[in-house]
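Derivation of every value follows stated rules applied to the coordinates shown; laboratory data play no part. Quantities reported herein were computed from a predicted structural model and do not represent experimental measurements. All Cβ positions, even for glycine, are placed from backbone atoms using ideal geometry, and neighbour counts span all protein chains on display.
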Amino acid sequence: MAIPSLNIGGGKWATKKDKLLAYKQNIGGRYFAINGDTSRNSTATFTNQNGLIDSVGNNVARVDFQDDVKGSLLLEPQSTNLITQSESFANSYWIKSGASIEGDPSTVGAEEVVNGDFATDLTGWIDSTADTFEQVSSWQGESGLIHVVTSAANRGARQTSVYTLGVDYLFTAKLWIVSGSVYFGKNSDKIGLGDYSTTGEWIDVSVYFNPSEDDTLRIYTVGSGEFYLDNVSVKEVQGFASPSLDSPTGAFKLVEDTSTGHHSVYLIDKSPSDSNIYTRSFYVKKDNSRYLFISARHIPTSSGTTWIYDFDINDWANTASGGSGQSIEVLQNGWIRLSVSHISNSNFNNDFSLGISSGAAVGDASYTGDGTSGVYIFGAQLEALPYATSYIPTSGSAVTRVKDGATITGFSNYINSEEGALFVELKTFSELGTYRQIALSFDNSYRIYISKRANNGKLEFRTNNPLGDTNNSITVNTTNNYVKVAYRWGLNNFGVFIDGVDVTINNLGNTFESGKLNKLEFTSIFSQDFIGDIKQLQVYKEALTDSELITLTTI
């Protein structure tokens, strides 16, 4: 078989800022770079060779290894992660229902609280208009405590300069409530599962949290009340090992409590009722819980106008429960990415909920927890797209990743305009646009391209030529499915081959004048960029034979 004049990918990849990756010419067995331009004015993530989420800066092309050890060029549209805290699940931004968020207890740092044992006095603590604010020597078996009595809400004890905003902490304390209820944090940024109201016994408080209001620790009553407090501690803590190279300890554990009901983290009203498609995604890893759900209600149910999707961590092949739109990506070290898509509308809640379920039936998310079972979670994402794109980290605000672009210009010496062949191994994403093209061109009048027509599901093989156009349209599934395609051109010698089969409809047509093709671009004349993965691309200066093209495209 002839040697390609242009050989891209096929396991031979490299990246460089502003340069199209690994465009190489093969002459006498030697490879050397042919420069091209890449564009994307934002950072972006990809799956590296170790199966971890990695990131690159502006205008650096992405070689993604999610599907194959040889890698593929990843080209994605612009997208925004509408979840503003994608990893800090301990933050009050995420509401916990019948569950708590835990970090890795082995990573706790230095003590942030001054005089948390109240051994001899109240040094470091401030009276927040309490009626009684005193150190006592003993109470119900504990020695060295603070005693607080209040006659109104939001009063008690506080200590300043305890927190750094956006950092995860482990808060622990011993609490005895005589009357009323007590909360930790700020009224709008409470720590824990809610207000503590159990009276007549010591409560061991242990909560992972992420402060978002200020640096002050508050221990206040909800209304009037009386309480004793001892052994107050705040220590910075890291998360568990995550699937991300840039956030290696960014995972947290969702743990069910002992209540009967739903055990989840959720957000309220996170997609508008605009009849557009939205996709929710999470990275998860099994601990000792097996079944999960993702729902558009924060209190999910399997009936009525709600949708809910159940996932079995042990058996990813058996997850088609609760409707259509599920997607599963398997990463390394037990990590899985789950995603679901649905059309937003005003008939039901548009919340974002991930929780643990019993697995007994679809939507059976209400059960009695054991207080210890859970699942590791990472990287929540909500996008106004019909599929999940690569992970977009956020920390306090929505983040947009700009679309990818790629072009090579000025290589007319490597293309024979009069005859040749273009070979590509590709897959596309579920896409609402049309004319997603890979093209050899000079301008809009001289163009040979392979186009994904998302409006009819066809691959279109076409030339634009002042001497007369040619067109072959073939229906083939390329959505999340790799295919090998080749398009041959020459005077009355056009051909289309897909996965080793000759599918040519029209082989007649005029070819190009000499020197009329000098550019490779991943976009159409309508500025609709190709969206998908490209494992390899080759350009030949000869119109390959049928048998050669069958061999080249056979999987």
Per the rule of 0.36 nm per residue minus the C-alpha distance, extending Asn492 to Ser514 adds in nm 6.3 nm
Residue farthest toward the positive end of the dipole of the chain, with Cβ of Lys/Arg at +1 and Asp/Glu at -1: which of Phe282, Ala543, Thr43?
Ala543
Charges on Cβ only, +1 for Lys and Arg, -1 for Asp and Glu, centred on the Cα centroid of segment 365-511; of Val402, Ala421, Asn506, which one is farthest towards the dipole's positive end?
Val402
In order over segment 201-209: 3J(HN,Hα) from phi, Karplus 6.51/-1.76/1.60, θ = phi - 60°, whole Hz, x for each Gly or Pro, gives 7, 6, 10, 8, 8, 8, 9, 8, 8
With the 8 Å Cα cutoff and a minimum separation of six or more residues, segment 496-555 has a relative contact order in percent of 61
Run the reach check for Lys458 against lysines, Cα to Cα strictly under 25 Å, same-chain hits fewer than 8 apart removed. What comes back?
Lys403, Lys427, Lys484, Lys519, Lys535
Which of the peptides 528-537, 123-132 is most tightly packed, and how do the rest follow, going by the mean number of other Cβ atoms within 10 Å of each residue?
528-537, 123-132
Check which residues have an amide H placed less than 5 Å from Ile191's amide H, if you skip close sequence neighbours.
Phe184, Gly185, Lys186
Over segment 105-236, what is the relative contact order in percent, taking alpha-carbon pairs closer than 8 angstrom and at least six residues apart?
35
Which of the pairs Lys12/Lys70; Lys235/Lys285; Lys70/Lys452 have their Cα atoms more than 18 Å apart in this structure?
Lys235/Lys285; Lys70/Lys452
Packing-ranked peptide list from 62-73, 502-513, highest mean Cβ count within 10 angstrom first, is 62-73, 502-513
Treating the beta-carbon of each Lys and Arg as +1 and of each Asp and Glu as -1, no other charges, what is the dipole magnitude of the chain about its Cα centre, to the nearest 20 debye?
2200
Taking Cα pairs closer than 8 Å and at least 6 residues apart, the relative contact order of the chain in percent is 17
Out of Ala90, Gly223, Gly515 - ranked by how far each Cα lies towards the positive end of the dipole of the chain, with unit charges on the beta-carbon of charged residues - the top one is Gly515
Calculate the FRET efficiency for Asn154 and Ile95 from the Cβ-Cβ distance with a Förster distance of 30 Å, rounded to the nearest 0.05.
0.90
Give the shape of segment 482-555 as rounded, prolate or oblate, defined through the alpha-carbon gyration tensor: a ≥ b ≥ c are the square roots of its eigenvalues, a/c under 1.5 means rounded, and otherwise the shape is prolate if a/b is larger than b/c and oblate if not.
oblate
Which cross-chain or sequence-distant (5 or more) residues have an amide H under 5 Å from the amide H of Val60, H modelled 1.01 Å from N in plane?
Asp18
Residue-wise, which Karplus ³J(HN,Hα) couplings in Hz belong to segment 496-502, taking 6.51 cos²θ - 1.76 cosθ + 1.60, θ = phi - 60°, and x for glycine or proline?
10, 10, 10, 6, x, 10, 7
Distance (nanometres) between label positions extended 7 Å along Cα→Cβ at Thr479 and Ser143:
7.1
Expressed in nm², what is the orientationally averaged projection area of the convex hull enclosing the Cα positions of the chain?
28.5
Net lengthening on full extension, Ile343/Ser275 (0.36 nm per residue, minus Cα-Cα):
23.9 nm
